[in-house]
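First the structure, in the form of structure tokens, and then the observations on it.
The numbers here are math on the coordinates, done by the rules we state, and not lab data. The model shown is predicted, which means the values in this text are computed figures rather than measured ones. Backbone-built Cβ (ideal geometry, glycine too); neighbour counts: all protein chains shown.
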Amino acid sequence: MTISLPTYEDVAAAAARIDGHAHRTPVLTSRTADAEVGAGVFFKCENFQRMGAFKFRGAYNALARFDERQRRAGVVAFSSGNHAQAISLAATLLGMPAVIVMPHDAPAAKVAATKAYGGSVVVYDRYREDREAIGKKLAEERGMTLVPPYDHPDVIAGQGTAAKELIEEVGALDALFVCLGGGGLLAGSALAARALAPACKVYGVEPEAGNDGQQSFRSGRIVTIETPRTIADGAQTLHLGEHTFPIIRRDVADIFTATDAELVDAMRFFAERMKIVVEPTGALGYAAARRMGAELAGQRVGVIISGGNVDLKRFAELIGAARN
Ligand SMILES: *Cc1c(COP(=O)(O)O)cnc(C)c1O
């Protein structure tokens, strides 16, 4: 099978497609962050995106490209996280049916949020049923199209629009920190940065417990790991994608990791200093930037805050715990 990789032209086309449907999210700055990093830091705040995370960009872009037959039959997605809500909302806005396949033990709040956006939820027993088989059956019986959370050219192109907006708004950057799960956001950001700020070094950041991306980047082949134990639930992916990996290999400068303790510390910083709620995965980029320190001195540094969907009770527990 040959793979067709998205390019910056696809990111630009995605930007036109989502215009007026996705929010153009704010870029925030903080004197305290500048002082901590010794640089000018620009935060692209996707926690303020529709449904609370950047995933709306890729989902809307992918669904907007469906042909008439695909639109009538609708979309199917497997997710218990932000991709579920993104597909559900994008499908509703585009007037097409959506079925989201979720594990039976997914948090009730997430199931409710996904349904509230208009999609229907099908639950499966993750210990006894094979979700691939369920998806295939839906695709065959109803002709629905499966949209994966990251390994798809239209999803990657959509995710790249956040970095495009950031660079267009603040000007060229020297470094850009992007969190990394399956690599859709990172690959899209790298496409945007390479076109709009060629000298900008793009860094991926993933949880230390799940550093498959770093291993893959350094070894030159896609490494698969077991489900990592980390509070960064948006980055618990097992491996990079066939579309994301080659772009990351080509256009990303390096991949770093952050510990759960560093994520909590960054979430606390966002809450205390910037008055914003950031989910653990969304704090990866800043956790790495503040650790890098001296190397960034005097530079212009972009950080993508990827999302803010965290149960408030959980949020309070995390940031309220004793400092470590
Ligand atoms: C999905 C997600 C990520 C990881 O994105 P990938 O494209 O899979 O790398 C990061 N942060 C949040 C909030 C997410 O929902």
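For the range 220-266, a tally of residues being under 25 Å from Pro153 (Cβ atoms) and among the acidic types (Asp, Glu) returns 3. Go through the range 52-83 and give me each residue that's within 14 Å of the ligand (Cβ to nearest atom), in contact (Cβ under 8 Å) with a residue 40 or more places away in the chain and either surrounded by fewer than 24 Cβ atoms within 10 Å (Cβ to Cβ) or farther than 30 Å from Arg31 by Cα (or both). Selection gives Gly52, Gly58, Ala59, Asn61, Ala62, Ala77, Phe78, Ser79, Gly81, Asn82, His83. The number of residues in the range 9-62 being part of a loop (DSSP other than H, G, I, E, B) and within 23 Å of Arg300 (Cα to Cα) comes to 8.
Here are some residues: Ala139, Ala113, Ala133. Which one is part of a helix (DSSP H, G or I) and either in contact with a Cys (Cβ under 9 Å, 6 or more places away or on another chain) or crowded, with 17+ Cβ neighbours inside 10 Å (or both)? Steps first, please.
Numbers: Ala139 fails: either in contact with a Cys (Cβ under 9 Å, 6 or more places away or on another chain) or crowded, with 17+ Cβ neighbours inside 10 Å (or both); Ala133 fails: either in contact with a Cys (Cβ under 9 Å, 6 or more places away or on another chain) or crowded, with 17+ Cβ neighbours inside 10 Å (or both).
Just a single option satisfies the conditions, and that option is Ala113.
Does Val122 satisfy being among the hydrophobic types (A, V, I, L, M, F, W, C), surrounded by fewer than 17 Cβ atoms within 10 Å (Cβ to Cβ) and over 24 Å from Arg17 (Cα atoms)? Against the criterion (among the hydrophobic types (A, V, I, L, M, F, W, C), surrounded by fewer than 17 Cβ atoms within 10 Å (Cβ to Cβ) and over 24 Å from Arg17 (Cα atoms)), Val122 qualifies. Among the residues of the range 200-208, some residue qualifies, meaning at least one is over 18 Å from Ala15 (Cα atoms), of a type in the set (A, V, I, L, M) and touching a residue at least 60 places away in the same chain (Cβ under 8 Å). Each residue in the range 74-121 was checked for being closer than 16 Å to Leu63 by Cα and β-branched (Val, Ile, Thr), and 6 of them qualify.
Hey, among Pro246, Pro228, which residue is without any contact (Cβ under 8 Å) to a residue 24 or more places away in the chain and either buried (at least 18 other Cβ atoms within 10 Å of the Cβ) or under 29 Å from Ala90 (Cβ atoms) (or both)? Spell out the reasoning first.
Numbers: Pro246 fails: without any contact (Cβ under 8 Å) to a residue 24 or more places away in the chain.
Result: Pro228 is the single residue among Pro246, Pro228 that is without any contact (Cβ under 8 Å) to a residue 24 or more places away in the chain and either buried (at least 18 other Cβ atoms within 10 Å of the Cβ) or under 29 Å from Ala90 (Cβ atoms) (or both).
Residues in the range 281-300: is at least one farther than 26 Å from Ala106 by Cα, among the basic types (Lys, Arg) and buried (at least 16 other Cβ atoms within 10 Å of the Cβ)?
So in the range 281-300, the residues farther than 26 Å from Ala106 by Cα come out as 285-300.
Of the ones still in play, those that are also among the basic types (Lys, Arg) are 290-291, 300.
Cutting the leftovers down to buried (at least 16 other Cβ atoms within 10 Å of the Cβ) gives us 290, 300.
Yes, the range 281-300 contains a residue that is farther than 26 Å from Ala106 by Cα, among the basic types (Lys, Arg) and buried (at least 16 other Cβ atoms within 10 Å of the Cβ).
The requirement of being within 14 Å of Phe43 (Cβ to Cβ), of a type in the set (A, V, I, L, M), crowded, with 24+ Cβ neighbours inside 10 Å and out of contact with any Leu (no Cβ under 8 Å at 6 or more places or on another chain) is not satisfied by Ala271. Testing Arg71 on (1) out of contact with any Asp or Glu (no Cβ under 9 Å at 6 or more places or on another chain); (2) among the basic types (Lys, Arg); (3) in a strand (DSSP E or B), one condition comes back false. Which one is that? The number of the failed condition is (3).
Any residue at all in the range 93-106 that is part of a helix (DSSP H, G or I) and under 25 Å from Ile304 (Cα atoms)? Explain how you work it out, then say what you get.
First, the residues of the range 93-106 that are part of a helix (DSSP H, G or I): 93.
Now drop any that are not under 25 Å from Ile304 (Cα atoms), which leaves none.
Taking every residue of the range 93-106 in turn, none turns out to be part of a helix (DSSP H, G or I) and under 25 Å from Ile304 (Cα atoms).
Residues in the range 163-204 that are assigned to a helix (DSSP H, G or I) and among the β-branched types (Val, Ile, Thr) were compared, and the one that is farthest from the ligand (Cβ to nearest atom) is Val170.
Looking across the range 144-162, just one residue is away from the ligand (no atom under 16 Å from the Cβ) and polar (S, T, N, Q), and that is Thr145.
When Ile3 is tested against (1) under 17 Å from Ser306 (Cβ atoms); (2) assigned to a loop (DSSP other than H, G, I, E, B), exactly one condition is not met: (1).
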